[in-house]
1. Which residues, taken from the stretch 157-177, are within 11 Å of the ligand (Cβ to nearest atom) and either assigned to a helix (DSSP H, G or I) or more than 17 Å from Asp196 (Cβ to Cβ) (or both)?
2. Every residue in the stretch 125-158 that is surrounded by fewer than 17 Cβ atoms within 10 Å (Cβ to Cβ) and more than 18 Å from Val232 (Cβ to Cβ), please.
3. Would you mind listing the helices (runs of 4 or more DSSP H) fully within the stretch 287-338 where at least 2 residues are without any contact (Cβ under 8 Å) to a residue 24 or more places away in the chain and exposed (fewer than 15 other Cβ atoms within 10 Å of the Cβ)?
4. Give the stretch 245-284 a look and list any residue that's aliphatic (A, V, I, L, M) and touching a strand residue (DSSP E or B) at 6+ places or on another chain (Cβ under 9 Å), or say none.
5. What tally of residues in the stretch 350-360 results from selecting those that are assigned to a strand (DSSP E or B) and either in contact with a strand residue (DSSP E or B) (Cβ under 6 Å, 6 or more places away or on another chain) or not assigned by TED's automatic domain parsing to the domain that holds Ser250 (or both)?
6. Of the residues Ala197, Ala181, which single one is within 17 Å of the chain's Cα centre (by Cα), among the small types (Gly, Ala, Ser), at negative phi and not in a strand (DSSP E or B)?
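The values are calculated or read from the model by the stated rules, or taken from the named source; none is laboratory data. Everything quoted here is computed from the prediction, not taken from an experiment. Methodologically, a virtual Cβ is constructed for each residue, glycine included, from the backbone with ideal geometry; neighbour enumeration extends over all protein chains shown.
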Amino acid sequence: MVAVFKSAAHVCFLHLPKYQFAAASVSGGTTRKRITFSTGYPLSQDRSTSRLQVRQASLRGMHVDVEAKMDAEKLKKGIAEFYDQSSEIWEDIWGDHMHHGFYDPSSTVSLSDHRSAQIRMIEEALKFALVSEEPLKKPKSIVDVGCGIGGSSRYLASKYGAECTGITLSPVQAKRAQALAAAQGLENKVSFEVADALNQPFPDGKFDLVWSLESGEHMPDKTKFVNELARVAAPGATIIIVTWCHRDLSSSEQSLNPEEKKLLDKICDAYYLPAWCSTDDYVKLLQSLSLQDIKAADWSEYVAPFWPAVISSALSWKGITSLILSGWKTIRGAMAMPLMVEGYKKGLIKFAIIACRKPE
Ligand SMILES: C[S@@+](CC[C@H](N)C(=O)[O-])C[C@H]1O[C@@H](n2cnc3c(N)ncnc32)[C@H](O)[C@@H]1O
């Protein structure tokens, strides 16, 4: 049975535990707050339900399912086009890492510091997840889920001497990532392909490090996302998810308040995001898969200088001219940057790291 609720994502995780989050509905980059849930249970078979009613309900369910799939396809297309258009300008100004930096809280920093802060983000995430550097225990096979132009893939492959495969929805990113790898002599160590994180083209248990740095917020089906991360992880592998979340809800709250939802909706429109979830929601999902050593932290204070710096680089002469040339999707993304600052300041947006290990 499939039901449609006007609600935020956490409702399904926290308050309707037997329902499974299937998809958030999007339309041309616009996130509507309609979430589809699937119980996985057969239709009610009690005596008062006629066969016709069962059939009608089933058809309604199929209709919603088809609609949710179409919405998910639209979202994927929007994400691919957004990164196809915006990756070159990002690389030009910020380099090959398309993620927040990790800073000492309240430090003042210049652009070169931001690049080292982005590397520090990777190092801090590995440290947080206790990824071993010992020769026999360090990762040998890595997947970079939502790889951008491969900044993490190349860094991790070089650091560990590992093989790394990156996946992205953007053909432009995959091509650029491969070219940068070749330029750095890493073409035998890293490879990139266009593939969906929710349906990864890899066999079960392939990777001993599963890495997702700022791609989880794009996933319309968090259950499927986490399931895929766990599926491709080898026994004993580490899974690291660094992602944007909304604040955890208190026990008395059913959902975010209307103002908060409105702010997140605007951000969703600009960055091709489906409904958000909280860090707690991720932890519950990992627990439901019996993953081990689950750890989570809020790193919002360590990323605070990032968005103000991105805004000032967008307002530079080079930033403005590049934005104009790169098209409407990128311009709209730039216009939404102050909303991210506002979301962090209000304690609504959380920069979360969640790590765990697949049992041996
Ligand atoms: C903000 S970028 C982060 C890139 C990279 N992790 C980094 O830190 O440089 C988000 C990335 O997630 C990818 N992405 C979003 N949804 C995806 C999906 N369903 N499957 C694969 N990649 C996806 C986008 O294509 C993009 O490469």
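1. Pro171, Val172, Gln173, Ala174, Arg176, Ala177
2. Passing the criteria: Lys127, Leu130, Ser132, Glu133, Glu134, Pro135, Leu136, Lys137, Lys138, Ser158.
3. On the way: elements: 306-314, 317-326, 328-335.
Hits in the stretch 287-338: 317-326.
4. Leu249, Leu256, Leu263, Leu264, Ile267, Leu273, Ala275, Val283
5. 7
6. That would be Ala197, the only listed residue that is within 17 Å of the chain's Cα centre (by Cα), among the small types (Gly, Ala, Ser), at negative phi and not in a strand (DSSP E or B).
Residue-by-condition table, conditions (1) among the small types (Gly, Ala, Ser); (2) within 15 Å of the ligand (Cβ to nearest atom); (3) not assigned by TED's automatic domain parsing to the domain that holds Thr238:
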{"residue": "Gln85", "(1), (2), (3)": "no, yes, no"}
{"residue": "Trp94", "(1), (2), (3)": "no, yes, no"}
{"residue": "Asp104", "(1), (2), (3)": "no, no, no"}
{"residue": "Met121", "(1), (2), (3)": "no, yes, no"}
{"residue": "Ala129", "(1), (2), (3)": "yes, no, no"}
{"residue": "Ser132", "(1), (2), (3)": "yes, no, no"}
{"residue": "Pro135", "(1), (2), (3)": "no, no, no"}
